[in-house]
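For reference, the structure is listed below as structure tokens.
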Amino acid sequence: MIEFKNVKMRYKTNGAVALDDVSVRIDDGEFVFIVGASGAGKSSFLNVIMGQEKVDAGIVRVGPYTLNTIKRRQLPYLRRMLGIVFQDFRLIPKMTVYDNIAFALRVIGMGEKKITKRVRYVLKLVDLSNKANSFPHQLSQGERQRVAIARALINNPGVIIADEPTGNLDPVLSGEIMSLFDKINALGATVVVVTHDLELVHQFDHRIVTIENGKILSDIPARNAGELVFKSEPETVQEDVSLASVQEEDVEVSEEEIISTEEEETENA
Amino acid sequence: MPKKEKAVKQKDTKEVKKQKKANKKRGGGLNTSYLTKMGAHNLVANRSMSFSSISVLSACLLLIGMSLIIIMNIQNLVQDVEKQNVIIAFVEDGADDASVAKVGADLRAIPDVIGVEFVSKEAGYEEQLRDFGVERDLFDGVIENPLPDSYRISVSNLENFKSTLEQIKAIENVSAVRESQDVVNQITTMQKSITGICVILVAVLGIVSMFIVSNTIKITMVSRKIDIQVMKSVGATSLFICWPFMIEGLIIGLISGLISLIITIAVVYFEGGAMTSLLEMFGSKAIALTEYLPVLAVAYIVSGVVISSVGSLVSIRKYLKREGSEASELV
């Protein structure tokens, strides 16, 4: 759950208003588009969620963390709950696709065996299994973005945040990437996509929050909330089938996770 | 209202703990072997920068080490001279036993006097003749023993030599004093200036090399800006981000320390003769390399590692403290 309550923020560089009395709540499992012209405050909105900027007034909550009072050493743990996808992909040029994705798990100290298993699963999910040993410069733009998404997904985060994920892509690729986000959302993750591409947004049926001059201009809920509408062609359906098979393969990992969650709950009870 | 806030906070910490626990279960601690490998890898990947760091640091360490060896040798020389430096105070001829004993007591009371040895008229004469290589019998009855009773005094702290000497001269019944003040003066002046120069040299070189290593690491960090941003965005802790850079600094320090040590041994082994002959002029000798080799090795490696680790820490800290837009301003 992400919650903004009467949030106000000014840019540190020039003192201009970045967010002005923003209140919004994004529940678990939602898919939300944040739209607005550049400079409207979209990036500030994301930066606040990622704990990169602090707000001047109001309350921001992300999952269990209240970001107004979060300590610096807690920030890494906040970010582990979030999968972040950048417009410029931010892949490490000297690392292969596999290592770029595995990197996010090494950061949190996971063992190599588990890493291999998870990376394979996620690569299948984004349909890049055959590119595991390629370097970023050998990939197309769309493939690079899929690697970036795979990296965001790898840690099983509850929330995927994408900042203009289609900014560098042509319309066809943009549609593909969005369908991928749809798929991820269908698997249970909350997805927040920031974009200025209204045409793309209207191809999908999701909640749309419009920001202008730091204020929320409109907040339109999805028409068919809870129902997924794939606008893409039968190809996607096929992908879904392959996804199902991948999930079966990954059953072991999922079970482990379920068990560990149960253990925690009993411990906490 | 404040009560409510408090309640929210408490809930937060519990949830946060839960989250942390989940994180731990998922991953575990720090994958140190991977990080160490990454640091070593970085060192090789940025070999030209690593090479320049190592050369500069080695050169600095070498100069520091040489300065230390020179300081140690001079210290040793001064100690030798102190040992040799005996002031002889002659007691007024014809003074009675009590007066002679009182001179001894007065001498012992002077703070910098560390040893007082009584040499009787007879013993002094014997010794003098022996030094000349002459049999006593030859002079018996010809010349009367010309020497008075005397005291051999050794002093510590050559810096105060002059005042110590004045105090000795002021003692009642001391007729004359024999000393080698010129040599003492020369040596203490030399010791002071050389030690001063070396200390300044060591300090300046230490700072310079720290600065250079810090800059090297900073440059490698700029080139790895994306890596660091990615690390942060996927939830790397500060320790995780620091580790490879620290390892890099550590290896640079270690290699530089070893290189300096090898060069020092070679220099002392092949060119140490010059220093030995210089020291022999003052009746001292160079300290054997084996005597200080272990200390030198430890000093080199420790200072190399400390200098380069501190250097890398300084540049990493700046990066870690910044978030978001601030971080990109740096570059």
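No lab work stands behind these numbers, since they all come straight from the coordinates. On a predicted model such as this, the values are computed, not experimentally measured, just so you know. Ideal geometry is used to build each Cβ from the backbone, glycine not excepted, and the neighbour counts take in all protein chains shown.
Label the stretch A:10-78 by shape, choosing from rounded, prolate and oblate, from the square roots a ≥ b ≥ c of the eigenvalues of the Cα gyration tensor; if a/c is under 1.5 it is rounded, and otherwise prolate applies when a/b is larger than b/c, oblate when it is not.
On the way: a/c = 1.85, a/b = 1.14, b/c = 1.62.
Oblate, because a/c is 1.5 or more while a/b does not exceed b/c.
Treating only the Cβ atoms of Lys and Arg (+1) and Asp and Glu (-1) as charged, compute the dipole magnitude of the stretch A:129-202 about its Cα centre; round to the nearest 20 debye.
Working: 5 positive and 8 negative charges, 81 e Å.
Dipole size: approximately 400 debye.
Taking Rh as the Kirkwood radius computed over C-alpha pairs, what is the Stokes-Einstein D of the stretch B:86-179 at 10 °C in a medium of viscosity 1.306 mPa s, expressed in µm² per second? Walk me through the numbers before you get to the answer.
Numbers: Rh = 14.0 Å.
The calculation lands on 113 µm²/s.
Find, among the trypsin sites (Lys or Arg not before Pro) in the stretch B:188-297, those assigned to loop by DSSP (not H, G, I, E, B) with at most 15 other beta-carbon atoms within 10 angstrom.
Values: sites: B:LYS192, B:LYS218, B:ARG224, B:LYS225, B:LYS232, B:LYS285; in loops: B:ARG224, B:LYS285.
Those satisfying the criteria are B:LYS285.
Quick check on the exposure proxy: order B:VAL298, B:VAL314, B:VAL213, A:VAL126 from fewest to most C-beta atoms within 10 angstrom.
B:VAL298, B:VAL314, A:VAL126, B:VAL213
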Task: Filter on A:LYS71/B:LYS232; B:LYS225/B:LYS318; A:LYS12/B:LYS321; A:LYS8/B:LYS232 - keep pairs with C-alpha separation over 22 Å - done: A:LYS8/B:LYS232
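Exactly which GluC sites (Glu not before Pro) in the stretch A:120-229 are in a DSSP loop and have at most 10 other Cβ atoms within 10 Å? Walk me through the numbers on the way to the answer.
Numbers: sites: A:GLU143, A:GLU176, A:GLU199, A:GLU212, A:GLU227; in loops: A:GLU227.
Counting only loop positions with at most 10 other Cβ atoms within 10 Å, the GluC sites (Glu not before Pro) in the stretch A:120-229 are A:GLU227.
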Open item on the list: In 5 Å bins starting at zero, report the fraction of Cα pairs in the stretch A:82-192 per bin as a rounded %.
Closed with: 2, 13, 25, 26, 22, 9, 2, 0
- [ ] Using DSSP, restrict attention to beta bridges with both residues in the stretch B:86-179 and report what percent are antiparallel, rounded to the nearest 5.
- [x] 100
TODO: Rounded to the nearest 0.05, what FRET efficiency do B:VAL295 and B:LYS169 give with R0 = 60 Å and r taken as the Cβ-Cβ distance? Could you check?
DONE: 0.90
Open item on the list: Kirkwood hydrodynamic radius, the stretch A:66-111, all distinct C-alpha pairs: what's the number in Å?
Closed with: 12.5
Task: Descending principal axes extents, the stretch A:88-131, alpha-carbon based, whole Å - done: 27, 20, 14
- [ ] Note the per residue figure in Å³ for the convex hull of the C-alpha positions in the stretch B:269-312.
- [x] 93
Task: Cα pair distances in the stretch A:1-43, grouped into 5 Å bins until the bin that holds the longest one, percent each - done: 6, 18, 24, 27, 15, 7, 3, 0
Open item on the list: Under a crude label model (7 Å from the Cα following the beta-carbon direction), how far is A:ASN68 from A:GLU199 in nanometres?
Closed with: 4.3
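Can you pull the Kirkwood radius for the stretch B:157-303, inverse mean 1/r over Cα pairs, to one decimal in Å?
For the stretch B:157-303, the Kirkwood estimate is 20.6 Å.
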- [ ] With viscosity set to 0.890 mPa s and temperature to 25 °C, compute the Stokes-Einstein D of the stretch B:161-236, Rh being the Kirkwood radius across alpha carbon pairs; µm²/s, no decimals.
- [x] 135
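Per residue, how big is the convex hull around the C-alpha atoms of the stretch B:215-258? Give it to me in cubic angstrom, could you?
Values: hull volume 2.6 nm³, N = 44.
It is 59 Å³ per residue.
Work out the FRET efficiency for B:PHE118 and B:GLU144 from their Cβ-Cβ distance, taking R0 = 22 Å, and round it to the nearest 0.05.
0.55
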Task: Dipole-positive endmost among B:VAL119, B:ASN157, B:LEU107 within the stretch B:86-179 (Cβ charges, Cα centre) - done: B:ASN157
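For the stretch A:1-129, just say rounded, prolate or oblate: build the C-alpha gyration tensor, square-root its eigenvalues into a ≥ b ≥ c, call rounded for a/c under 1.5, and beyond that prolate if a/b exceeds b/c, oblate if not. Working shown, then result.
Details: a/c = 2.11, a/b = 1.88, b/c = 1.12.
Here the stretch A:1-129 falls in the prolate category.
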- [ ] Run the quick spin-label model on A:VAL24 and A:ASP88: label points 7 Å from Cα toward the beta carbon, then report their separation in nm to one decimal.
- [x] 2.4
